[in-house]
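What follows is a set of notes on a single structure, which appears directly below.
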Amino acid sequence: MNILVINAGSSSLKYQLMDPHTGEVAAKGLCERIGLDGRLTHKAPARGIKVEREIPMPTHAEAISAVLEILVDPENGVIASTDEIDAVGHRVLHGGDKFIQSCIIDEACKQAIRDCIPLGPLHNPANLMGIEACEKVMPGKPQVAVFDTAFHMTMPPKAYRYAIPTKYYEEDHLRRYGFHGTSHRYVTRRAIELMGRSDIRLVNCHLGNGSSLSAVKDGKCQDTSMGLSPLAGVPMGTRSGDIDPCVAQFIMNKYGMTADECLNMLNKKSGVLALSNGLSSDFRDLEAGAESGNEACCLALDKFDYEVSKYVGAYAAALGGLDCLVFTAGVGENGPNTRAAICRNLGFMGVKLDPERNQVRGKEALISADDSQVKVWVIPTNEELMIAQDTAELVEK
Ligand code: ADP
């Protein structure tokens, strides 16, 4: 079976063609600069193929056409015809409180995604463009939407409600939603398999350019660090994370910024990038800076580790204890120093790393010491596989 997984952004589109049953990726790639000029990077790993092409992409439809063309290309492709694509799975950012799981895309589903645009103004329009581009280029092909918010819909009201007047919740749907849900769901499933039981108290640390944590009990999400938008929670590459709203008010008043300009600053110019005085949002650069004695880089890393540790502590309280801690995404999978610093902070509650095991990068591994009360795992995330599996399951039904 071949599932085409699509992650459409406003000017880019990532794709993978994979078998949902084996997880094997036949081809993957990226369309960039959609709406400007257009560039396609395409790889077929098993055949050692990597090609880059400049292809005009005025809209997402041309980008999808370019993807289909290269997938069936006799020289660089991996299938003979697009008939071999059984279905398309789309990553969709915001499902609001309508979607607790993935669904087949029909008019009602598209309207619901459209209705969530006020909640996900940066991503949902792009996700819809990806869906409509596929409809145009592959009419009749079954499509499935997989929502970044869905995994978190099991949170209880005490976790998802904001302590603000009820009408903002009831009329405007303002509440905590949480994101990276497909990643949190994937690593939760793996953690349950690796731990050999489902009744575990688990905290997942998805630490990448964007970072979020989730508190999970019996496989169900109880709380998560992102909120109405992905801006909330721990500091990230360029996002501030949690902040007193009065900081925004002060800056807007003093510097004559609009709310949108201020939010843009909090989303794109803050986080570890800001704390390192603009040096970098990339943890590799920050670590190199810290090693050469750059104090701003030290503070950026220290602040990140501190805030992540605080969330893990809070979630251990929320869960009534902790059995398992999982690190995933770019930094979580590849950052032994970050993992070590966080786990050192959590030593008081029985988290103890094995320094040798913790050197692992990008591979699934138990990294806690044998006498650690909490099992600590590195589990590389695989959102595309989850999307492909959901798509296959719904289409096979
Ligand atoms: P995104 O949120 O964009 O999906 P990723 O999960 O790919 O982000 O994480 C990207 C981040 O992972 C990079 O900014 C970098 O800081 C970090 N990273 C990747 N590889 C390493 C590494 N070898 N050591 C430390 N950090 C790394």
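The values are calculated or read from the model by the stated rules, or taken from the named source; none is laboratory data. Just so we're clear, the structure is a prediction, and the values are computed from it rather than from any experiment. Reconstructed Cβ throughout: ideal geometry from the backbone, glycine too, with neighbour counts over all protein chains shown. Ligands, DNA and RNA are stripped out before the accessible areas are found, and what is left, the full protein with its side chains, is counted by its heavy atoms. Shrake-Rupley method; radii C 1.70, N 1.55, O 1.52, S 1.80 Å.
Of the helices (runs of 4 or more DSSP H) that lie entirely inside the stretch 329-397, those containing 1 or more residues that are on the phi > 0 side of the Ramachandran plot and touching a residue at least 24 places away in the same chain (Cβ under 8 Å) span 329-334.
Just to be sure I understand, how many residues within the stretch 306-317 are of a type in the set (Ser, Thr, Tyr), free of Cβ contacts under 8 Å to residues at least 40 places away in the same chain and open to solvent by less than 30 Å² (accessible area, probe 1.4 Å)? So the count comes out to 1. Here the condition is being closer than 23 Å to CYS297 by Cα, open to solvent by 10 Å² or more (accessible area, probe 1.4 Å) and within 14 Å of the ligand (Cβ to nearest atom); of ASN358, ASN382, ASN337, it holds for ASN337 alone.
Going through (1) touching a helix residue (DSSP H, G or I) at 6+ places or on another chain (Cβ under 8 Å); (2) open to solvent by less than 20 Å² (accessible area, probe 1.4 Å) one by one, MET155 falls short only on (1). Take the conditions (1) within 16 Å of the ligand (Cβ to nearest atom); (2) touching a helix residue (DSSP H, G or I) at 6+ places or on another chain (Cβ under 9 Å); (3) open to solvent by 50 Å² or more (accessible area, probe 1.4 Å); HIS184 misses just one of them, which is (3).
Rundown of residues vs (1) touching a helix residue (DSSP H, G or I) at 6+ places or on another chain (Cβ under 6 Å); (2) closer than 13 Å to LEU207 by Cβ, yes/no style:
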{"position": "ASN294", "(1), (2)": "no, no"}
{"position": "TYR306", "(1), (2)": "no, no"}
{"position": "SER309", "(1), (2)": "yes, yes"}
{"position": "ALA329", "(1), (2)": "no, yes"}
{"position": "ILE342", "(1), (2)": "yes, yes"}
{"position": "GLY347", "(1), (2)": "no, no"}
{"position": "GLU364", "(1), (2)": "no, no"}
{"position": "ILE367", "(1), (2)": "yes, no"}
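Considering LEU40, LEU71, the condition of being under 14 Å from LEU13 (Cα atoms), touching a strand residue (DSSP E or B) at 6+ places or on another chain (Cβ under 9 Å) and not β-branched (Val, Ile, Thr) is satisfied by LEU40 alone. What residue, among those in the stretch 318-334 that are open to solvent by 40 Å² or more (accessible area, probe 1.4 Å) and more than 11 Å from the ligand (Cβ to nearest atom), is nearest to PRO156 (Cα to Cα)? Among those residues, the one meeting the criterion is ALA318. Looking across the stretch 43-68, the residues that are farther than 14 Å from VAL137 by Cα and touching a strand residue (DSSP E or B) at 6+ places or on another chain (Cβ under 8 Å) come down to LYS43, ALA44, PRO45, ALA46, ILE49, LYS50, VAL51, GLU52, ARG53, GLU54, ILE55. Do we find that LEU346 is of a type in the set (A, V, I, L, M), over 26 Å from GLY278 (Cβ atoms) and more than 15 Å from the ligand (Cβ to nearest atom) in this structure? Taking the combined requirement at face value, the residue satisfies it.
Filter the stretch 46-100 down to the residues that are basic (Lys, Arg) and without any contact (Cβ under 8 Å) to a residue 40 or more places away in the chain and list them by number.
ARG47, LYS50, ARG53, LYS98
Screening the stretch 187-306 for helices (runs of 4 or more DSSP H) wholly inside it with 2 or more residues that are more than 16 Å from the ligand (Cβ to nearest atom) and either within 18 Å of the chain's Cα centre (by Cα) or within 21 Å of PHE327 (Cβ to Cβ) (or both) returns no ranges.
Just one of the listed residues (VAL247, VAL272, VAL234) is surrounded by fewer than 15 Cβ atoms within 10 Å (Cβ to Cβ) and under 24 Å from ASP302 (Cα atoms), and it is VAL247. With (1) farther than 19 Å from GLN143 by Cα; (2) outside any strand (DSSP E or B); (3) open to solvent by 40 Å² or more (accessible area, probe 1.4 Å); (4) at pLDDT 95 or above as the list, and HIS21 as the residue in question, which single condition is left unmet? All conditions pass for HIS21, except number (1).
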